[in-house]
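The values are calculated or read from the model by the stated rules, or taken from the named source; none is laboratory data. The model shown is predicted, which means the values in this text are computed figures rather than measured ones. These area figures cover heavy atoms from the full protein model, side chains too; ligands, DNA and RNA do not enter into them. Shrake-Rupley method; radii C 1.70, N 1.55, O 1.52, S 1.80 Å.
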Amino acid sequence: LPFSSRLLCVCLLCALRESVSYSILGAPDAAMARTAMIRMAALGVVASGAAGAFLEQGGVERPTDLLEEVERAMGGAKRDDVEGRVAAFEELMRPTFLALPHTKEDRLPSASVRYLLHRAFVERHAWYVEGLVNGGEAWNQTSPAAAFARHGGGEAQGVFESRLASEGGLTLRETAVLASTLESLIHEENVERLRSAFRIMGLGFEASAHTEQQIRQAIDNYMLMFVLGMNHSIVTPQLMDRTWRNIGKVYPEWPETRKWVREVREEVVGQTPDARTSLVSTLRVLEAVASRYGRWQDRECLAMKEDLVRLEKVGTGRVLLRDFYEAALFGGYQFMEKKPFLRQLGVLDESEVAQPSVVIPNYMNAATNCMAGSKFYSVCCMSECEPLLKTLEQRIGAPGALPGAILEIVERLPSSSVDAPRSLDASMVERLEGIAEQHGGKVPLHGRLFAQWMHHAYPRECPFPHASGTVQVSSRRD
């Protein structure tokens with residue numbers, strides 16, 4: 001007999017034995033025996049189906065859905081919130097996922113998952129999530145699930161660490177579930193910050209009715225804590241009052257920020273004007289603000305880049321160090337970081353000892369240009385190189401490509417400072433072919449050598465990559 005049939009027979013025999021046992025033990029009537037037989041027979045059918053499914057998979061048991069694991073660890077409400085975010089992340093990450101090296105089971109190893117998550121959060125929100133940014137180290141140094149441990153998400157960490165260990169990596173959908181779970185926890189932090197904003201005002205968080213003026217003040221308090229990186233759990237009314245009195249010195253950009261936040265609010269509450277002062281509407285406003293703030297504030301970064309480009313040694317993506325410091329004498333941005341600190345950040349090019357220079361994209365993407373918006377993430381200058389790399393990923397759809405295929409795309413791919421079409425010079429072609437020769441004829445899209453090549457192709461947009469361990473991260477928090 002087939003295995004499934006034999007299993008069913010065994011279950012029926014077990015049911016018969018259980019019915020006999022009821023008779024020996026003096027069961028009240030035959031109904032209990034019949035119930036036992038039906039139960040065991042049903043078990044046999046279920047087991048038979050499970051066995052068939054197991055065999056259809058070639059003897060390999062399929063892992064449970066990660067959303068079910070999230071629900072068991074964090075509850076049904078969290079599962080619903082996470083599930084509502086998965087599709088958007090899955091679509092966002094697909095091109096990069098396909099362009100990264102996979103296992104034969106179509107899974108990404110831990111290092112690639114971490115890299116993919118970092119790319120997704122930067123592209124979606126301009127968030128540099130703590131625990132995902134490589135910080136000058138190799139991408140394989142930390143598990144992507146460790147981001148949860150830093151912020152009290154131990155249950156979630158266990159779910160994803162277990163899947164990474166048991167399956168040797170994550171699928172695209174599983175990576176999207178991880179990203180969605182992390183984004184959901186960040187939303188919880190938004191809720192707690194708003195609760196603190198009301199507490200500072202002496203108002204209840206879940207009061208049935210707040211006035212328009214109270215909602216505006218609560219949002220202002222929320223934003224001040226956000227942009228200044230204040231610990232909302234311990235902020236006192238006295239500290240907030242002092243900060244507001246000195247807002248012109250502490251945060252000169254506040255009037256412009258408040259104007260933008262109120263514009264976002266009007267856009268969001270305009271969809272449900274009758275509920276504009278409700279708690280649900282206010283939380284929707286603040287989630288929209290958190291999602292859009294990085295792109296909005298990036299205008300300051302672009303202005304800083306324009307200042308640096310005006311000082312540039314033409315076409316190199318570099319500013320001589322003496323010109324960098326002299327710029328502070330004529331207004332504009334205060335480029336005052338000392339030489340050892342610039343070296344530590346990885347923004348100093350000392351290949352010409354007599355004329356050290358600052359690498360523009362490295363300086364732009366340095367952690368010192370980040371804002372401490374949350375315990376989960378910082379808001380930083382947006383990378384202009386990652387969209388270029390994503391275009392390559394979308395058009396190639398594989399971890400590597402022939403030099404000619406890459407050249408064809410890059411020569412037709414413009415940036416904010418590079419016109420296209422263009423013809424790359426012979427040295428750039430030879431350098432790309434040299435990378436391919438070292439890797440069996442194809443150029444890996446996510447290796448350090450190709451990143452260096454992209455820096456020379458787009459010197460103002462793509463940072464020069466450093467060897468692992470040669471750069472230390474410092475931010476405004478430090």
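When SER351, SER281 are compared by accessible surface with a 1.4 Å probe, the order from highest to lowest is SER351, SER281.
Counting only protein chain heavy atoms and rolling a 1.4 Å probe, the accessible areas of MET74, MET225, MET371 rank, largest first, as MET74, MET371, MET225. Counting every pair of alpha carbons in segment 170-236, the share spaced more than 18 Å apart comes to 46 percent. Of the listed residues ASP323, ASP419, ASP241, ASP274, the order by accessible area with a 1.4 Å probe, largest first, is ASP274, ASP419, ASP241, ASP323.
Under a straight-distance cross-link criterion of Cα-Cα below 17 Å, which aspartates and glutamates are reachable from LYS338, leaving out those fewer than 8 residues away in the same chain? List returned: ASP323, GLU326, ASP349, GLU350, ASP478. Note on TRP244: accessible area approximately 60 square angstrom, rounded to 10, probe 1.4 Å, nucleic acids and ligands left out.
Fully extending the segment from THR236 to ARG258, taken as 0.36 nm per residue of separation minus the present Cα-Cα distance, adds 5.8 nm.
Given the whole protein assembly as supplied and a 1.4 Å probe, what does the accessible area of ILE396 come to in Å², nearest 10? Rounded to the nearest 10, that gives 40 Å². Legend: residue pairs LYS259/LYS313; LYS249/LYS313; LYS339/LYS442; LYS78/LYS375, Cα-Cα distance threshold 27 Å; pairs beyond threshold, LYS259/LYS313; LYS249/LYS313; LYS339/LYS442. If you take the alpha carbon atoms of segment 145-285 and fit the smallest convex hull around them, that volume is 143 Å³ per residue.
Separation of segment 426-456 from segment 389-404 is 12 Å, based on Cα centroids. In segment 315-381, the alpha-carbon atoms span a convex hull of 105 Å³ per residue.
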